[in-house]
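S.K.: I have a structure here, written as structure tokens, and I will follow up with some questions on it.
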Amino acid sequence: MIAKASAPAKAILFGEHSVVYGEPAIAGAVNKRAYVTVKESECDKSIFKAPNINFEAELLTREKKYILRKGKPGIIRYILESVYRAHDHTPIEITLTSNVPIGSGLGSSAAVTVATLAALYRYHNIRFNKKSLAHDAHMVEQAVQGVASPLDTLVSTYGGLVYLSRNKKVERFKVNFNVPFVVGYTTKHGNTGKMVKDVRHLKEKNPKIINPVITAMGNLTNYAKQAILKRDFNKVGELMNINHGFLDVIGVNTLELSRMVYNAREAGAIGSKTTGAGGGGSIIALCPGKVDEVAEAIARDDNILKIHFTRKGVSSRVYK
Ligand code: PMV
């Protein structure tokens, strides 16, 4: 029996970092996906392969450890944690392919975790629904990272553009927001755990300054929600630019991120900001009618990806 699943990567539009302190956030599933296949192993060992990043490892499922055969470990901890929670230790082969570039900051770990869990549940004929899958995937991310908001795994499971409210209620936007974005990313990776800690530290040292900024970031996200509902792209762009400034205040921007943000604006983006944890990683630029110009401007120094938000969340099936 072969079980297959795929899940989309995500981009945070508003609310990174402030979401850690209970503020709202808006993120969307994008048209880049992780694909996972689970089948019986041809030998007596469990194997994980990711051919398009030339990675292979033997999984020691009981010990939650692995033996590296080739490539660089990265995503493997999410696979091990998922296997540990959803598999019974019989030898399996897991193959991952993905069109989410590594290091693009598009939350590939959540896409991989959601797809891996869905494929394992299908393989074992375990009943699940989107709510339980999003919850389990969040548990995996938390176990691996120490801290994780539920946003990435929610988006990778449900698809679409999602608003997470102050009281953790999830709303999916019904409005069509299928406008083109350009993601710019550097080869210098940010470390989400470290960035979250750095912001906490800054906040503890300067509570009177940083606390109101975090609240303002939350208010901004709520204005953005209204602008999205009205499909007011200019307003969304303006709020993205303000949000980038707030991210600067809390210290997560870098020279490379700001370079990409300003290159995008000069080339005609109506809004551009760091997306995700910062400290490296990626920016997102809203550029209806100017995608090629913006992509070209960012690509002079950095890497680009053209994306749009998609309603398609996790999908999975079994082949007997
Ligand atoms: O870097 P990413 O895409 O994993 O986003 C991190 C977003 C933070 O708000 C900084 C952390 C979180 O868990 O929400």
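S.K.: So if R0 is 41 Å, what FRET efficiency would GLU40 and ARG166 give, r being the distance between their Cβ atoms, rounded to the nearest 0.05?
M.R.: On the way: r = 46 Å, r/R0 = 1.13.
After rounding, the FRET efficiency stands at 0.35.
S.K.: Show that you can apply the helix-only estimate: for the chain, add -39,500 (n - 2.57) for every DSSP H stretch of four or more residues, divide by all residues, and state [θ] at 222 nm to the nearest 500. Before the final figure, lay out the partial values.
M.R.: Details: 9 runs with 126 residues, N = 320.
Taking each H run of at least 4 residues, the total per residue is -12500 deg cm²/dmol.
S.K.: For a test of the definition: using alpha carbon positions, the gyration tensor, and the 1.5 limit on a/c, classify segment 172-320 as rounded, prolate or oblate. All intermediate terms of the calculation are to be shown ahead of the outcome.
M.R.: Working: a/c = 1.33, a/b = 1.27, b/c = 1.05.
The shape class here is rounded.
S.K.: Could I ask something else about it? Quick one: the Cα spread of the chain along its three principal axes, in angstroms, biggest first?
M.R.: 56, 41, 36
S.K.: Another question about this same structure. Over segment 181-307, what is the mean sequence separation of C-alpha contacts under 8 Å (at least six apart), divided by residue count, expressed as relative contact order in percent? Walk me through the intermediate numbers first.
M.R.: Values: 205 pairs, mean separation 52.2, N = 127.
Reported as a whole number, the value is 41 percent.
S.K.: Mind listing which trypsin sites (Lys or Arg not before Pro) in segment 67-140 are in a DSSP loop and have 14 or fewer other Cβ atoms within 10 Å?
M.R.: Details: sites: ARG69, LYS70, ARG77, ARG85, ARG122, ARG127, LYS130, LYS131; in loops: ARG127.
Counting only loop positions with at most 14 other Cβ atoms within 10 Å, the trypsin sites (Lys or Arg not before Pro) in segment 67-140 are ARG127.
S.K.: With 32 Å as the limit, write out which pairs from LYS4/LYS70; LYS70/LYS130; LYS131/LYS188 have Cα-Cα distances beyond it, or answer none.
M.R.: Working: LYS4/LYS70 24 Å; LYS70/LYS130 34 Å; LYS131/LYS188 34 Å.
Violating the 32 Å limit, Cα to Cα: LYS70/LYS130; LYS131/LYS188.
S.K.: Find the centroid of the Cα atoms in segment 251-312 and in segment 194-218, then give the distance between the two in whole Å.
M.R.: If we compute the Cα centre of each part, the gap is 24 Å.
S.K.: Considering only DSSP states other than H, G, I, E and B, which trypsin sites (Lys or Arg not before Pro) in segment 206-272 qualify as loop sites with at most 13 other Cβ atoms within 10 Å? Intermediate results must be reported in sequence, preceding the final value.
M.R.: Values: sites: LYS208, LYS225, LYS230, ARG231, LYS235, ARG259, ARG265; in loops: LYS230, ARG231.
Within segment 206-272, the qualifying trypsin sites (Lys or Arg not before Pro) (loop, at most 13 other Cβ atoms within 10 Å) are LYS230, ARG231.
S.K.: Relative contact order of the chain: what whole-number percent is it, with Cα pairs under 8 angstrom and at least 6 residues apart?
M.R.: RCO, the chain: 26 percent.
S.K.: Also, quick follow-up: Among the aspartates and glutamates, which have Cα under 13 Å from the Cα of LYS10 when same-chain residues fewer than 8 positions away are ignored?
M.R.: ASP152
S.K.: Follow-up question, since we're still on this one. At 0.36 nm per residue, and after removing the present C-alpha to C-alpha distance, how many nm does the segment from HIS308 to LYS174 gain when stretched out fully? All intermediate terms of the calculation are to be shown ahead of the outcome.
M.R.: Working: separation 134, 0.36 × 134 = 48.24 nm, distance 1.55 nm.
Between HIS308 and LYS174, full extension yields 46.7 nm more.
S.K.: Still on this model: What length, rounded to one decimal in nm, is gained on full extension from LEU229 through to GLU58, with 0.36 nm per residue of separation minus their alpha-carbon distance?
M.R.: Values: separation 171, 0.36 × 171 = 61.56 nm, distance 4.74 nm.
Contour length minus the Cα-Cα distance gives 56.8 nm.
S.K.: Assuming R0 = 51 Å, what is the FRET efficiency of ILE2 and ASN211, from their Cβ-Cβ distance, to the nearest 0.05? Don't skip to the answer; put the middle values down first.
M.R.: Values: r = 52 Å, r/R0 = 1.01.
Efficiency, rounded to the nearest 0.05: 0.50.
Bear in mind these aren't lab numbers, they're just calculated from the coordinates by the rules spelled out. If you're wondering where the values come from, they're calculated on a predicted model, not measured in any experiment. So basically every Cβ, Gly included, is an ideal-geometry build from the backbone, and we count neighbours across all protein chains shown.
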